[in-house]
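First up is the structure itself, then whatever we jot down about it.
Just so it is clear, none of the values below were taken in a lab; they were calculated from the coordinates. All figures in this text were calculated on a predicted structure; none of them were measured in a lab. Quick reminder, even Gly has a Cβ in these numbers, built from the backbone with ideal geometry, and neighbours come from all protein chains shown.
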Amino acid sequence: MDSLQELNREIQSCKRCDLFFSRKRAVCGTGESNPQIMIIGEAPGAREDETGIPFVGRSGRLLRDVMGIAGLDMDSIYISNAVRCRPKIGKSPRISEIRKCSNFLRTEINILHPQILIPMGNSPLKSLRSVMGIDFGPISEIEGSIFVIGNIFVAPQFHPAAILRNPKRYERFKDNFLKLRNFVYDVRKMDMAEIEKNYRIRHINGA
Ligand code: SF4
């Protein structure tokens, strides 16, 4: 599969897991076609299930606000999810659902070649484990770190829903995005000396 249109048609007709039965719409990724950054959320919520568009509910608003404060342009990124259909109300997706859906994320990354992946929360980290064969660990231990895997950078953050549930995390979440703005600039220059000096970098061999 070599085009996003083809991929999105496959997502919209997918019946690989039980979430197919309860969804109104499968939610495809959206955004810039040549993105430097890909944000990977967890799964569609109620608004996303209604509209078919990712990150349009309260979490999406918080993310847009913080990205705006950090001076990061939402229009220059690509937004995707670990699973494309709404999980049972109030539940996170199950590992079996994440694994079945991870092929779509793998294909998106292969088509779009983003330099920086921002998985938000544990579900996208589990999906990336399927895609890249790397166990990054739980989000509570690694958020704010930046992993270097070949020529891809992975910068995990809490999911905005976790910030809404626990507002004490907001300042750190915002600070992480302010640092990410500078990081994005340094990655554009591919200034590895600056990158090594300024950020909590962890190198991982192979992917
Ligand atoms: S969550 Fe993913 S694997 Fe499951 S039905 Fe939806 S698109 Fe298919």
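Please name whichever of Phe173, Ile204, Ala193 sits farthest to the positive end of the charge dipole of segment 165-207, dipole taken about the Cα centre and charges placed at Cβ: Lys and Arg +1, Asp and Glu -1. My answer, from the dipole projection, is Phe173. Rounded to the nearest 20 debye, the dipole size of the chain about its Cα centre is 820 debye, using +1 on the Cβ of Lys and Arg and -1 on the Cβ of Asp and Glu. Considering only Asn182, Ile116, Pro93, the residue lying farthest towards the positive end of the dipole of segment 84-207 is Pro93, judged by Cα position with unit charges set on Cβ. Per-peptide packing, taken as the mean over residues of other Cβ atoms within 10 Å, places 65-77, 49-61, 158-170, 122-134 in the sequence 122-134, 49-61, 158-170, 65-77 from highest down.
Rounded to the nearest 20 debye, the dipole magnitude of segment 78-174 is 480 debye, with +1 charges on Lys and Arg beta carbons, -1 on Asp and Glu beta carbons, and the Cα centre as origin.
Which entries in the list Lys174/Lys197; Lys15/Lys179; Lys126/Lys168; Lys100/Lys197 go over 28 Å, if you measure between the two C-alpha atoms of each? Exceeds cut-off: Lys15/Lys179; Lys100/Lys197.
Per-residue Cβ neighbour counts within 10 Å put Ile79, Ile152 in the sequence Ile152, Ile79, beginning with the fewest. Quick one: grab the alpha carbon gyration tensor of segment 1-158, order the square roots of its eigenvalues as a ≥ b ≥ c, and give me rounded if a/c is under 1.5, else prolate or oblate depending on whether a/b is larger than b/c. In terms of gyration-tensor shape, rounded.
Sequentially through segment 6-22, phi angles give Karplus couplings (6.51, -1.76, 1.60; θ = phi - 60°) of 5, 4, 5, 4, 5, 4, 5, 10, 5, 10, 5, 9, 5, 5, 4, 5, 9 Hz, Gly and Pro residues having no value and appearing as x.
Listed by chain and number, the aspartates and glutamates whose C-alpha is less than 19 Å from the C-alpha of Lys189, apart from same-chain residues fewer than 8 away, are Asp73.
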